[in-house]
Amino acid sequence: MLDRLIVVDSVTRLGPEAQGRVIIGGSHGGVYAAYLCAKARVAGVVLNDAGLGLDRAGIAGLDYLQPLGIPAACCSHRTTRIGDGFDMLGRGIVSHVNAAAAKLGIEPGMWCREAARRLAAAPVPMADAPDSVESRFPVAVPGRARASAMDSNSLMTPDDDGTIVVTGSHGGLLGGRPETAARAAVFAALYNDADGGIDGAGFTRLPALDARGIAAATYSAWTARIGDGRSAVETGIVSAVNHRAAALGLRPGGTVRDAMTLLAEAIGKDNAA
């Protein structure tokens with residue numbers, strides 16, 4: 001098994017080495033993460049169920065991968081930290097599987113490491129991944145502030161410095177490393193809380209961004225689909241904020257859209273000072 005196994009904290013970092021390999025990934029099990037796995041032509045994958053959330057988006061990638069013949073499973077966010085592949089391999093327990101994984105004998109209640117062993121029997125997929133849908137778009141906010149929504153934190157670039165970003169990504173640090181909290185020096189960032197999960201992993205980006213002076217918040221996984229930035233803007237409800245965001249007046253319970261307006265006004269005040 002070991003010669004086919006790759007353990008990663010995020011499937012956004014898969015490269016050519018992933019082709020034909022079994023991936024244990026700390027990412028959520030949503031469609032965007034599944035698309036990246038299919039694009040990399042993995043033989044099988046285990047992801048985090050992210051608490052399921054709105055429309056069961058946290059495991060929607062299982063159905064996405066099934067027609068491509070890729071066996072996939074998700075581990076419960078109550079058993080392993082989201083964003084931590086080695087933690088999943090060590091203590092993750094399978095919560096959901098697709099039919100291709102079930103044919104290999106993988107089932108809910110199984111240890112992740114046993115699921116990985118059985119996935120090693122999977123062949124290399126032959127089907128190409130469908131084209132990706134739009135993954136980021138601008139959002140209109142008051143004043144001259146710039147704001148964007150994106151399906152993944154990995155889509156941030158230096159062009160996002162000083163702006164407001166709403167991502168479909170979970171609010172967990174990758175492998176517990178603070179430097180993974182945000183790829184750009186944004187003014188503010190919002191993330192899906194992945195229903196918190198074990199060790200409160202779904203909120204761990206917040207203090208890490210505080211240390212960088214970045215306002216940050218999470219929105220509830222039950223109010224917006226994980227891996228879907230557009231859904232976050234349309235229906236997301238803020239679930240937690242860091243100290244920097246609280247100092248700007250952001251509070252849990254409001255909408256993501258209202259949070260973006262408040263943050264844009266804060267940028268305006270900074271520019272006027």
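The values are calculated or read from the model by the stated rules, or taken from the named source; none is laboratory data. Note that the coordinates shown come from a computational prediction; the quantities given were computed from them, not determined experimentally. Heads up, the Cβs are rebuilt from the backbone with ideal geometry, glycines too, and the neighbour counts pull from every protein chain shown. Heavy atoms of the whole protein, side chains included, go into the accessibility calculation; ligands, DNA and RNA do not. Shrake-Rupley method; radii C 1.70, N 1.55, O 1.52, S 1.80 Å.
One table, with the values for the structure above:
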{"quantity": "Filter result (open to solvent by less than 90 Å² (accessible area, probe 1.4 Å) and either in contact with a Lys or Arg (Cβ under 7 Å, 6 or more places away or on another chain) or in a helix (DSSP H, G or I) (or both)) within the range 6-19", "calculated": "I6, V11, T12, A18"}
{"quantity": "Any hit, the range 82-104, residues being within 17 Å of the chain's Cα centre (by Cα), closer than 23 Å to D199 by Cβ and open to solvent by 50 Å² or more (accessible area, probe 1.4 Å)", "calculated": "yes"}
{"quantity": "Of all residues in the range 130-147 being touching a residue at least 24 places away in the same chain (Cβ under 8 Å) and not hydrophobic (A, V, I, L, M, F, W, C), the one that is surrounded by the most Cβ atoms within 10 Å (Cβ to Cβ)", "calculated": "R136"}
{"quantity": "Which listed residue, of T157, T167, T163, is surrounded by 24 or more Cβ atoms within 10 Å (Cβ to Cβ) and hydroxyl-bearing (S, T, Y)", "calculated": "T167"}
{"quantity": "Filter result for A60 (touching a residue at least 12 places away in the same chain (Cβ under 8 Å), touching a Leu at 6+ places or on another chain (Cβ under 9 Å) and assigned to a helix (DSSP H, G or I))", "calculated": "no"}
